[in-house]
Amino acid sequence: MSDKKVITGFSKLSKMGKIRWVVENFFKDPELVRRELMSYWHHDEEQQKLLEGFSENTISNFPMPYCVAPNFLINGRTYVVPMVIEESSVVAAASSAAKFWLDRGGIKTEVPGTKKVGQVHFTWSGKLEKLQSVFPELEATLRKDAAPITANMEKRGGGIDHIQLVDMTAEEKGYYQLRATFETCDSMGANFINSVLEQFSKTLDQFLASHPVFDEDERDLNIIMAILSNFTPECLVRASVECKIEDLGTFPGGMDASTFANKFYKAVRIAHIDPYRATTHNKGIFNGIDAVVLATGNDFRAVEACGHTYAAKDGLYRSLSDCSLEGGVFRFWLEVPLALGTVGGLTSLHPMAKRSLELLGNPSAEELMQVVAAVGLAQNFAALRSLVTTGIQSGHMKMHLTNILIQLGASEKEADAIRKAFLDKTISFTAVREALEKLRSEVEV
Ligand code: MEV
């Protein structure tokens, strides 16, 4: 292969070897980029090794802002919530909504269930009635063979919950599932569930091969795969806020509480009937959810995938939150499945994830679910509050201006002057750069 951008054995190179190959082949100024990549290494070698151990082919770190949102009152307890997010305005919005509801009784949350799901997918051409007739025996064997894997989890109060045989042959010829539910206590449980499922596959294979009820031509099955499902509709959390409509106060531009409540209600309704709006609406919820999930070392891809499936559970992709205006009371709530852990995986390995959990008072997984849902609700409230009053751009642009000023190396004094000058002007990079240049030239004169 003559293409210099293709390489074999890359993973075997030393870290410096990997950096050298990347910078020399893909960058105009290899030396500058090499120094830049190395400048993001952790100054403590041990910490750097730890970070590198999380993944493969690591050549540097990718810093993201680590932020905190104070004043979250959840079920009568206050939290300062850690959030890792690169989008401006998100943390400011979460904090502002938290403060708004702090003054109105706070956020209430509950966890109706914490069950996770796993599946063994297989094809088989035997008689279903026979398998059904010996299913209690099969289930006992599945549980017995998995006992060495489940023993520890059982000591912690978890383990395998329910196992069922699912006939999928109407959808696909010969296709069945073993579908199991699990309690995984304070761990997210992916490793535990997948290990149990792989054992289930072996047991199922042996069971069919040896049980006398099956004929010779029924002994062969084809295990397609064994894997947890990230769709966990029974690992669910609800978060809600409510107050009298009149207690909502007044809003920018002098909007009164009743007008606000009605517009807000309609905004939520729209996100229930139009998937285009629902997607953006839910994106706003995940702005908050993902930031806390990331800060606590949890799997935000799993959480997102699950949340979006849940949003489409009745066939149309809809809002995850809902609103009612009854008896003069404004109620706003969110229901979302969240499979989270506070022990195991990155939660106990990543130094900042550990600190995040400490900041939250070392919560159980159930408590963390409630904090995360509360942030999702607050985030959604803040976004809709802006959208139905001032629009989001004024807030966004303020943060955008700060970023531009940082990029242009403005001093604090210059930044103050530019902020004042742009109070009634449209913000763009060019306009701010020109204004700063003009300011600097005036000072020089
Ligand atoms: C931006 O990241 C999120 C919002 O678009 C959410 C929404 O529209 O509800 C503001």
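The values are calculated or read from the model by the stated rules, or taken from the named source; none is laboratory data. These figures come from a predicted structure and were not determined experimentally. No Cβ is skipped: glycine too gets one built from the backbone with ideal geometry, and neighbour counts run over all protein chains shown. These area figures cover heavy atoms from the full protein model, side chains too; ligands, DNA and RNA do not enter into them. Shrake-Rupley method; radii C 1.70, N 1.55, O 1.52, S 1.80 Å.
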Revision key, fill the gap. Scoring the range 116-229 by relative contact order with C-alpha pairs under 8 Å, at least six apart, yields a percentage of 45
Exercise for review: Choose one of Val134, Ser411, Cys185: the residue whose Cα lies farthest towards the positive end of the charge dipole of the chain (beta-carbon charges +1 Lys, Arg; -1 Asp, Glu; about the Cα centre).
Suggested key: Ser411
Study note, to complete from the structure: Rounded to a whole %, the carbon-and-sulfur portion of the accessible area of the range 275-330 at a 1.4 Å probe is 57
Practice item. Straight distance only, please: which aspartates and glutamates reach the Cα of Lys425 with their own Cα at less than 18 Å, same-chain residues fewer than 8 apart left out? Key: Glu414, Asp416, Glu434, Glu437
Study note, to complete from the structure: Taking Met397, Met255 and ranking on accessible area (1.4 Å, protein atoms only), highest first, one gets Met397, Met255
Check your understanding: In sequence order, what are the phi-derived ³J(HN,Hα) couplings for the range 11-21 according to the Karplus relation 6.51 cos²θ - 1.76 cosθ + 1.60 with θ = phi - 60°, rounded to whole Hz, with x for glycine and proline?
Key -> 5, 7, 5, 5, 4, 5, x, 5, 4, 4, 4
Study note, to complete from the structure: Sorted by accessible surface (1.4 Å probe, heavy atoms of the protein chains only), largest first, Glu367, Glu442 come out as Glu442, Glu367
Review point. Taking the Cα atoms of the range 1-133 alone, what are Rg (to one decimal) and Dmax (as a whole number) in Å?
Key: 25.4, 70
Point to revise | the range 1-63 - convex hull of the alpha-carbon atoms, volume per residue in Å³ | key: 90
Check your understanding: Given charges of +1 on the Cβ of Lys and Arg and -1 on the Cβ of Asp and Glu, with all other atoms neutral, how large is the dipole of the range 4-111 about its Cα centre, in debye to the nearest 20?
Key -> 240
Check your understanding: What lysines could a cross-link reach from Lys12, if we take a straight Cα to Cα line under 18 Å and drop same-chain neighbours fewer than 8 places away?
Key -> Lys4, Lys49
Study note, to complete from the structure: the range 116-229 -> Rg/Rh from Cα coords, Kirkwood Rh, value 0.98
Revision key, fill the gap. Taking Lys and Arg as +1 and Asp and Glu as -1, residues besides Lys263 with C-beta under 15 Å from its C-beta add up to +3
Point to revise | Inter-label distance for Val80 and Lys49, nm, one decimal - labels placed 7 Å from Cα along Cα-to-Cβ | key: 3.2
Review point. Across every pair of different alpha-carbon atoms, what Kirkwood hydrodynamic radius in Å does the range 134-183 reach?
Key: 12.1
Check your understanding: With every protein chain left in place, what is the accessible area per residue of the chain in square angstrom, probe 1.4 Å?
Key -> 52
**Study point:** Distribution of pairwise C-alpha distances over the chain, 10 Å bins, in %
**Key:** 4, 16, 21, 22, 20, 11, 4, 1, 0, 0
Exercise for review: Could you calculate, for the range 396-444, the ratio of the Cα radius of gyration to the Kirkwood radius, expressed as Rg to Rh?
Suggested key: 0.92
Review point. Add -39500 (n - 2.57) for each DSSP H run of 4 or more in the chain, then divide by its residues: what number comes out at 222 nm, to the nearest 500 deg cm²/dmol?
Key: -16000 deg cm²/dmol
Review point. Just how large is the dipole of the range 396-444 about the Cα centre, in debye to the nearest 20, putting +1 at every Lys and Arg Cβ and -1 at every Asp and Glu Cβ?
Key: 180
Revision key, fill the gap. Mean separation of Cα contacts under 8 Å (at least 6 apart) over the residue count of the chain, i.e. the relative contact order in percent, is 17
**Study point:** Cα-centred dipole magnitude for the chain, charges only on beta-carbon of K, R (+1) and D, E (-1), debye, nearest 20
**Key:** 1080
Study note, to complete from the structure: Of the listed links Lys115/Lys283; Lys108/Lys263; Lys5/Lys283; Lys244/Lys283; Lys116/Lys244; Lys15/Lys115, those spanning more than 31 angstrom between alpha carbons are Lys5/Lys283; Lys116/Lys244; Lys15/Lys115
Revision key, fill the gap. Among Gly361, Leu334, Leu387, the residue whose Cα sits farthest towards the positive end of the charge dipole of the range 277-390, when +1 is placed on the Cβ of each Lys and Arg and -1 on the Cβ of each Asp and Glu, is Leu387
Point to revise | Farthest toward positive dipole pole in the chain [+1 Lys/Arg, -1 Asp/Glu at C-beta], among Ala151, Gly307, Leu208 | key: Gly307
